[in-house]
Structures are given as C-alpha cells and as structure tokens.
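Novice: Quick one: this structure, given as structure tokens, is what I'll be asking you about.
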Amino acid sequence: MKVLLIIPAYNEELNLEKVIEDIITHTAYDYIIIDDCSTDRTMELCEKMGYPYLHLPINYGLTSAVQLGYKYAVNHGYDVAIQFDGDGQHKAEYLKPLVEAVESGADIAIASRFVTQKKPWNARMLGSRLLSFLIRLTTGKKVSDPTSGMRAFSKDTFKEYAFNMNYPPEPDTLVYMLKKGKRIEEIQVSMDEREFGESYLNPIKSIKYMMEMVISILLIQTFRKR
C-alpha cells in the first residue's frame, strides 16, 4: 500500500527535525508537512532540510491544514493517509500497526492510549471521558481515545474528508462515520509530551472546544444526512 503521513505544523520549528528523524528511522512512508502560515522559521527549516511541504498563505487552522493533506493524498494516488502531528508527541514506531489495521479492513485506525491502559481520573481526561460516553451513547460503539490526533484512514474514507467541508479531524466526525457503517479500530500506543512550543488549546479554548463537540455529537452528527 502507498502510505502518506500528513504533518500539520504551526510554529513547530523546534520539533520538526526530531519528528522527521523518528519517521525516517521507523518507516519508509512518504510524508508531507503542511505549514499553516507559521510565524517562526518552520518553512525555512523545511527548505533547508529538504522536507516536502506545502505552505498556507494565511493561518487557516488545523482542519484546513489536514484537509489540504488529504487532497494531496487523493491527487497523488495514496491508499492510506495518516495524520501525524508535528509537535513530537506521536511516535513513528506505531505507524505500521495503524497501516496494518487499515489493510485488514478498518476504515479508520486510531492510535489510542487507552485500549489496554486505564484512562486516568484527572481534569485533563474528563473531556475525553465525556466524549467517549457521548460517542457510545449515540452510536453504541466504544472509542477509548476520541481526541487522539494520530489516525490512519483508508482511501475511500480520506476522500470524504478531503472534499467535504463538514469533515474536521475531530471526535464528532467519528460519530458520523460510525453511523455510516465505517469500521473503526484502536491500536494501543504511548505518546510523549511536547518538548517545545505550546498547545493551541488554552483553558478557555478547551472549554469552547468541548462545548462545540458536545453540541455537534448530540445535535448535528447524530441527525446529519448520510
């Protein structure tokens, strides 16, 4: 299978070299960096190191950056597309199991921290627990790590994400996919903490994000035409 790693990057100059080294060490998969109009030297680093990249002229956000990657995957004939974040938290050693899951028939394979490991009871995981509950409530299916950003998609699936404006790479669209009969598998992984830079989700944005996800899962994705 022809596999593409889509690496959305916003101000990841200090993390990208480690990320790419990890990918090259563990796989021979192609990759494309989507520079979401970074204000640091992310684009200059890509040019200096010879990393394949696409540069967005303005900061469109994660959804548009990843969707551009899916369009690239469609246009270049890839069979599997994997979102792999540029902040250094994802580990390339788990890429092959994700691809193998898609090869075995999964439409979406999620790198999950909580297949065999218990989800901790802390403030950070309360949102994840709520989203897992809502997904199970509305679909009857269990997704242990709905906020994981490391996901592999089959060709038919990432085509939908590429050309439909209502497909952000977020937990709510998993509900829509499950209701369409798509098969989702989770692969146990571990993830690292970000070394450099800051997450785009501060406390206020986190609350807003959770509210949007709850409304979308209960009132939009559940009744969305399929």
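The values are calculated or read from the model by the stated rules, or taken from the named source; none is laboratory data. Just so it is clear, the structure is predicted and the values come from calculations on it, not from any experiment. Don't worry about glycine lacking a Cβ; one is built from the backbone with ideal geometry, like all the others, and counts go over all protein chains shown. The area values use the complete protein model at the heavy-atom level, side chains included, leaving out ligands, DNA and RNA. Shrake-Rupley method; radii C 1.70, N 1.55, O 1.52, S 1.80 Å.
Novice: Kindly list, by first and then second residue, each pair from a residue in region 183-198 that is among the aromatic types (Phe, Trp, Tyr) to a residue that is open to solvent by less than 50 Å² (accessible area, probe 1.4 Å) and at pLDDT 90 or above, limited to pairs with Cβ atoms under 6 Å and residues at least 6 apart or on different chains.
Specialist: Close Cβ pairs satisfying both conditions: Phe196/Asn15.
Novice: Also, quick follow-up: Pairs under 6 Å by beta carbon, first residue over 14 Å from Lys141 (Cβ atoms) in region 166-180, partner assigned to a helix (DSSP H, G or I) and open to solvent by 30 Å² or more (accessible area, probe 1.4 Å), six or more apart or different chains?
Specialist: Note: pairs meeting the criteria are Pro168/Thr63.
Novice: Please find, within region 130-169, the residue that is farthest from Ile220 (Cα to Cα) out of those that are open to solvent by 30 Å² or more (accessible area, probe 1.4 Å) and of a type in the set (Asp, Glu).
Specialist: Checking each candidate, the answer is Asp156.
Novice: Mind listing whichever residues of region 108-134 are among the aliphatic types (A, V, I, L, M) and under 25 Å from Leu95 (Cα atoms)? Give the derivation first.
Specialist: The initial filter retains those residues of region 108-134 that are among the aliphatic types (A, V, I, L, M), namely 108-111, 115, 123, 125-126, 130-131, 134.
Residues satisfying the conditions are Ile108, Ala109, Ile110, Ala111, Val115, Met125, Leu131.
Novice: Would it be correct to say that Ser104 is open to solvent by less than 10 Å² (accessible area, probe 1.4 Å), of a type in the set (Ser, Thr, Tyr) and touching an Asp or Glu at 6+ places or on another chain (Cβ under 9 Å)? Reasoning before the result, please.
Specialist: Details: open to solvent by less than 10 Å² (accessible area, probe 1.4 Å): no; of a type in the set (Ser, Thr, Tyr): yes; touching an Asp or Glu at 6+ places or on another chain (Cβ under 9 Å): yes.
When the stated conditions are applied, Ser104 does not pass them.
Novice: If a residue counts only when it is farther than 25 Å from Glu21 by Cβ, which helices (runs of 4 or more DSSP H) contained entirely in region 42-112 have at least 1 such residues?
Specialist: Working: elements: 42-49, 62-75, 95-103.
Of the helices (runs of 4 or more DSSP H) lying wholly inside region 42-112, those with at least 1 residues that are farther than 25 Å from Glu21 by Cβ span 62-75, 95-103.
Novice: Turning to a different aspect of this structure: May I ask you to say which residue of Leu4, Leu62, Leu16 is in contact (Cβ under 8 Å) with a residue 24 or more places away in the chain and farther than 23 Å from Asn164 by Cα?
Specialist: Details: Leu4 fails: farther than 23 Å from Asn164 by Cα; Leu62 fails: farther than 23 Å from Asn164 by Cα.
From the options Leu4, Leu62, Leu16, the qualifying one is Leu16.
Novice: Is there a residue in region 74-86 that is open to solvent by 70 Å² or more (accessible area, probe 1.4 Å), without any contact (Cβ under 8 Å) to a residue 60 or more places away in the chain, under 21 Å from Lys159 (Cα atoms) and in contact with a Leu (Cβ under 9 Å, 6 or more places away or on another chain)? Step through it out loud before you land on a result.
Specialist: In the first step, residues of region 74-86 are kept if they are open to solvent by 70 Å² or more (accessible area, probe 1.4 Å); the result is 75-76.
Next, from what is left, pick out any that are without any contact (Cβ under 8 Å) to a residue 60 or more places away in the chain: 75.
From the residues that got through so far, the ones that are under 21 Å from Lys159 (Cα atoms) too are 75.
Keeping just the survivors that are in contact with a Leu (Cβ under 9 Å, 6 or more places away or on another chain) gives none.
No; the residues of region 74-86 include none that is open to solvent by 70 Å² or more (accessible area, probe 1.4 Å), without any contact (Cβ under 8 Å) to a residue 60 or more places away in the chain, under 21 Å from Lys159 (Cα atoms) and in contact with a Leu (Cβ under 9 Å, 6 or more places away or on another chain).
Novice: Could I ask something else about it? Restricting attention to region 44-73, and to residues there that are among the hydroxyl-bearing types (Ser, Thr, Tyr) and within 17 Å of the chain's Cα centre (by Cα), which single residue is least open to solvent (accessible area, probe 1.4 Å)?
Specialist: Keep residues of region 44-73 that are among the hydroxyl-bearing types (Ser, Thr, Tyr), which gives 51, 53, 60, 63-64, 70, 72.
Then keep just the ones that are within 17 Å of the chain's Cα centre (by Cα); that gives 60, 63-64, 70, 72.
Working: Tyr60: 120, Thr63: 53, Ser64: 47, Tyr70: 4, Tyr72: 58 Å².
The selected residue is Tyr70.
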